[in-house]
Amino acid sequence: MGLAVAAFIPGVALACLAAEMIWQAYPSIRDNGTSFFTGHVFAISSGYSGTASFGILPLLWGTLISSLIALAIALPVAVGGAILLVERIPKRLQGPLSVFLELLAGIPSVVFGLWGVFTFGPLLSRDIYKPISKLGLPWLSSGVTPNGSGMLTASLVLCVMIIPIIASTTRELLRSVPQTSKEGAVALGLNGSEAVRVVTLPFVRTGVIAAAFLGWGRALGETIAVLLISNNNANGYPHSIFAGFTTMAATIAQDLDTALTVPAALHALAEVGLVLLAVTLITNFIGRLIAQRFGGGAGLPVGRGV
């Protein structure tokens, strides 16, 4: 009985959270309607009159694009690094390197944000962004700032933040692959790289997909690091990949203090949070469906192998 109650606690907590968010966001849902999702300006003033406008399309766009860029870069790096750690590096070195991987996953996001502002961003701006911008290519010709703040830098910092999440999960999955399967592949004439491609990766592909969506969920909801590096632009779309942008989570963090004195704005931020919650749940649900499909219909951490 106690275990059954404990199993329902996460679901009840999620339901209570969603209900509270809906309750707080309802005035904004009622007053803004569909314009909340189609509007291009999110600005807080003294109320619904005047210059106040609550449209989250640029926020939603920035959230999805920056997180997808981060995931596209992080996934091959994380999976490749995990394969290298488990399959190629001597066992006496795997322990220390695994410790560093776990430590990287535990670094607070504000530290990543400050690193991006003071070190990583200026380095990229000086040595990479400015030479690229001189080529005159579309989406790469303008928007470079001296400290490198903008969409690409924020996406790269998000990439660094989610690599340990994906890599550590993939590492444990790779360790679960039966040694006899790999030895059998080698005995049949496959070299090490072919054995990884034919045996190891198919065996763990379900878990890798789940790990990727777990990392994507972290990137979707990241707040402080993005707020520090994004060169906030809540009222439009970036004209280049180097230009400023913002996300839903960063907007909530930035505008919450002002919104506490403006009830309409506070309800609008609650609706932003509700949309972010919905996006996160939908992406995780899609990830679970994809994992089940690749796993032969079973929600297992490994696939069917060969």
Practice task
Beta carbons within 10 angstrom, averaged per residue: use that to sort the peptides 184-193, 207-216, highest first.
Solution key: 207-216, 184-193
Fill in the blank from the handout: HN-Hα couplings for the range 184-197 via Karplus (6.51, -1.76, 1.60; θ = phi - 60°), in whole Hz with x for Gly/Pro, come out as x, 5, 5, 5, 7, x, 7, 7, x, 5, 5, 5, 5, 6
Problem - Simple label model, 7 Å out from Cα along Cβ direction - Ile282 to Thr119, nm - result: 3.8
Practice task
For Phe54, list long-range residues whose amide hydrogen, built 1.01 Å from N in the peptide plane, is under 5 Å from its own amide hydrogen.
Solution key: Ala43
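Would you work out the relative contact order for the chain, in percent, from Cα pairs under 8 angstrom that are 6 or more residues apart? Present the calculation step by step, with values, prior to reporting the outcome.
Values: 458 pairs, mean separation 83.1, N = 306.
Normalised by residue count, the contact order of the chain is 27 percent.
By its C-alpha gyration tensor, with a ≥ b ≥ c as the square roots of the eigenvalues, how is the range 1-158 shaped: rounded for a/c under 1.5, else prolate for a/b larger than b/c, else oblate?
Details: a/c = 2.66, a/b = 1.14, b/c = 2.33.
Because a/c hits 1.5 or more and a/b fails to exceed b/c, the range 1-158 counts as oblate.
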Practice task
Averaged over every viewing direction, what's the projected area of the C-alpha convex hull for the range 112-237? Give it in nm², one decimal, please.
Solution key: 10.5
Practice task
Would you please give the FRET efficiency between Thr34 and Leu214, computed as 1/(1 + (r/R0)^6) with r the Cβ-Cβ distance and R0 = 30 Å, to the nearest 0.05?
Solution key: 0.40
Exercise for the section: Would you please state which residues of the range 147-180 a label at Asp127 would reach in this model, taking the label point 7 Å out along Cα→Cβ and a backbone N cut-off of under 15 Å? Expected result: 148
Exercise for the section: Please report Leu158, Leu152, Leu3 as a ranked list, fewest other C-beta atoms within 10 angstrom at the top and most at the bottom. Expected result: Leu3, Leu152, Leu158
Problem - Rel. contact order, % - alpha carbon contacts under 8 angstrom, at least six apart, the range 148-240 - result: 52
Completion exercise
By the C-alpha gyration tensor axes a ≥ b ≥ c (rounded if a/c is under 1.5, else prolate when a/b exceeds b/c, else oblate), the shape of the chain is oblate
Exercise for the section: Please say if the range 165-264 is rounded, prolate or oblate, where rounded means a/c under 1.5 for a ≥ b ≥ c the square roots of the C-alpha gyration tensor eigenvalues, and otherwise the choice is prolate for a/b larger than b/c and oblate otherwise? Expected result: prolate
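Would you mind ranking Ser35, Ser125, Ser67 so that the residue whose beta carbon has the fewest other beta carbons within 10 Å leads the list?
Numbers: Ser35 12, Ser125 20, Ser67 27.
The order, fewest Cβ neighbours first, is Ser35, Ser125, Ser67.
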Practice task
Just report the Cα centroid separation between the range 1-42 and the range 106-147, whole Å.
Solution key: 36
Handout entry: Computed [θ] at 222 nm, helices only, for the chain once each DSSP H run of length n ≥ 4 contributes -39500 (n - 2.57)
Key = -21500 deg cm²/dmol
Practice task
Provide the net charge surrounding Ala265, with neighbours chosen by a C-beta distance below 13 Å and charges set as Lys +1, Arg +1, Asp -1, Glu -1.
Solution key: -4
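Just so you know, all these numbers are worked out from the coordinates, no wet-lab data involved. Every value quoted in this text rests on a predicted model; they were computed, and no experiment measured them. Glycine also receives a Cβ, built like all others from the backbone with ideal geometry; neighbour counts cover every protein chain displayed.
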